[in-house]
Amino acid sequence: MSKIILTGDRPTGKLHIGHYIGSLKRRVALQNSGEFDAINIMIADAQALTDNFDNPEKIRQNIIEVALDYLSAGIDPSKTTILIQSMIPELTFYYMNLVTVSRLQRNPTVKAEIQMRNFETSIPVGFFCYPISQAADITAFKANVVPVGEDQLPMLEQTREIVRKFNDTYHCNVLVEPEAQLAAESAARRLPGTDGSAKMSKSLGNCIYLSDTPADVKTKVMSMYTDPDHIKITDPGKVEGNTVFTYLDAFSKPEHFAEYLPDYANLDELKDHYRRGGLGDVKVKKFLLAVLEEELSPIRARRAEYQKDIAGVYEILKAGTEKAREVAAQTLDEVRSAMKINYFTDAALIAEQAEKYKA
Ligand code: TRP
């Protein structure tokens with residue numbers, strides 16, 4: 001069976017290191033593994049509009065930001081198709097028949113977002129149905145592997161249900177059930193904000209962006225949330241819930257210690273010292289900064305190159321979208337045939353109707 005990836009992001013802002021460690025870095029590794037027959041990354045503008053419908057300018061501005069973030073993180077357009085969601089053929093309306101309102105209401109991601117956006121009393125239908133649209137995105141490419149963050153698992157479950165229901169209802173095997181692929185280490189799956197809150201979010205101003213300058217990253221790391229009770233260096237410190245250590249869990253490798261902090265063999269030794277007392281936050285933060293910069297500086301360098309040719313980046317998006325349209329159009333044809341709404345190419349239908357009206 002062929003192995004096909006589809007994944008994507010909403011273009012509502014620049015991508016941050018939470019996106020990177022939770023998913024983007026893995027996409028680059030999968031891309032370079034050579035194990036896949038097709039890799040598609042979607043800039044989900046239509047989905048972003050479901051809760052930004054009154055602000056298309058924001059989406060329009062961020063398409064190029066997300067594209068630059070992908071390319072600078074190492075997504076290679078000769079290996080990965082980068083596409084714009086709103087420009088590919090739509091399956092959503094056909095799938096809507098297969099999903100109940102109560103099932104959508106039970107989708108945990110939708111539930112949480114409805115609360116977050118104060119939509120309780122007036123949920124836009126487009127927003128409410130975006131899990132169906134996401135199922136359409138994934139199935140249009142017959143993707144079987146979807147590398148995503150943990151928060152997307154309910155979307156994948158909903159997609160799998162739609163696939164089963166479609167194939168069952170229309171007695172076919174047109175659609176493919178996808179599997180989610182999470183980041184390997186749990187620390188990487190949900191990176192907290194620099195202020196210690198559960199998630200990085202633009203509105204909280206607690207993100208480190210892939211496009212931040214070295215000075216920005218330094219300021220943000222040096223003011224990161226640690227253990228509020230670790231006041232004097234000699235105080236024993238807490239590692240759990242200490243954002244600097246959470247980031248080190250996600251990003252640091254033993255090689256980093258040899259290079260930047262040779263007094264410690266690995267993260268466990270550093271944590272032990274912090275717990276005992278006698279290790280200051282500044283030293284740990286400086287180490288984290290070095291570790292992050294090792295990851296971020298090649299990304300920044302590639303970004304600088306791509307920024308010199310913005311028109312070229314739009315060309316990459318256009319070429320990827322055109323390629324993706326063909327694949328999605330093919331699936332749409334198969335879906336229509338399975339649903340028997342392919343009237344003009346259905347020779348049996350035409351013959352049957354002619355027979356019915358024969359004199
Ligand atoms: N919903 C995803 C997010 O908010 C983005 C997304 C859109 C996506 N379409 C997708 C992810 C298809 C995986 C597959 O992050």
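The chain: longest stretch without exposed trypsin sites (Lys or Arg not before Pro) (DSSP loop, at most 16 other Cβ within 10 Å), sites themselves excluded?
Values: sites that count: K3, K79, R117, K199, K232, K238, K308, K340, K358.
My reading of the result: 118-198 is the longest stretch.
Could you tell me which of rounded, prolate or oblate describes the range 189-295, using a ≥ b ≥ c as the square roots of the eigenvalues of the alpha-carbon gyration tensor, with rounded for a/c under 1.5 and, failing that, prolate when a/b is larger than b/c and oblate otherwise?
In terms of gyration-tensor shape, oblate.
Relative to the longest principal Cα axis of the chain, at what angle does helix 310-338 sit, 0 to 90 degrees, rounded to 10?
40
I'd like the orientation of helix 153-169 relative to the chain: the angle between its Cα long axis and the longest Cα principal axis, in ° from 0 to 90, rounded to 10.
20
Work out the length of the dipole vector of the chain about its Cα centre, built from +1 on the beta-carbon of each Lys and Arg and -1 on the beta-carbon of each Asp and Glu, and round it to the nearest 20 debye.
In debye, rounded to 20, the chain gives about 320.
Between V148, V244, V174, which gets the highest mean-square fluctuation from a Gaussian network model of the chain, Cα cutoff 10 Å?
The residue that fluctuates most here is V174.
Charges at C-beta only: +1 for Lys and Arg, -1 for Asp and Glu. How large is the resulting dipole of the range 71-183 about its Cα centre, in Debye rounded to 20?
It works out to roughly 180 debye.
What's the angle, to the nearest 10 degrees (0 to 90), between helix 347-356's Cα axis and the longest principal axis of the chain?
30
Hey, what did the chain get for relative contact order, percent, Cα under 8 Å, at least 6 apart?
Numbers: 519 pairs, mean separation 76.6, N = 359.
So the answer I get is 21 percent.
Based solely on its DSSP helices, what 222 nm [θ] is calculated for the chain when runs of n ≥ 4 H residues each add -39,500 (n - 2.57) and the sum is averaged over all residues, nearest 500 deg cm²/dmol?
-16000 deg cm²/dmol
Please give the FRET efficiency for R164 paired with R275, using the beta carbon to beta carbon distance and R0 = 51 Å, rounded to the nearest 0.05.
The formula returns an efficiency of 0.55 here.
Filter the GluC sites (Glu not before Pro) in the range 202-287 to those in DSSP coil with at most 10 other Cβ atoms within 10 Å of their Cβ, and list the result.
E240
For S122 and I350, what does the FRET efficiency come to when R0 = 45 Å and r is the distance between their Cβ atoms, rounded to the nearest 0.05? Intermediate values should be presented prior to the final figure.
Values: r = 47 Å, r/R0 = 1.03.
Once rounded, the FRET efficiency stands at 0.45.
Just to be sure I understand: with springs between alpha-carbon atoms less than 10 Å apart, which residue in E185, E177, E150 has the highest mean-square fluctuation in the Gaussian network model of the chain?
Comparing E185, E177, E150 in a Gaussian network model of the chain, the most mobile one is E185.
Expressed as a whole number of Å, what is the distance separating the alpha-carbon centroids of the range 1-26 and the range 136-185?
16
Run the dipole for the range 214-306 about the Cα centre, Lys and Arg Cβ at +1, Asp and Glu Cβ at -1, nothing else charged, and hand back the magnitude in debye, nearest 20.
Result for the range 214-306 is approximately 280 debye, rounded to the nearest 20.
Readers should treat all values here as calculations from the given coordinates under stated rules, not as data from a laboratory. This structure is a prediction, so every number in the text was calculated from the model and none was measured. Positions of Cβ are generated from backbone atoms using ideal geometry, with glycine treated the same way; all protein chains shown enter the neighbour counts.
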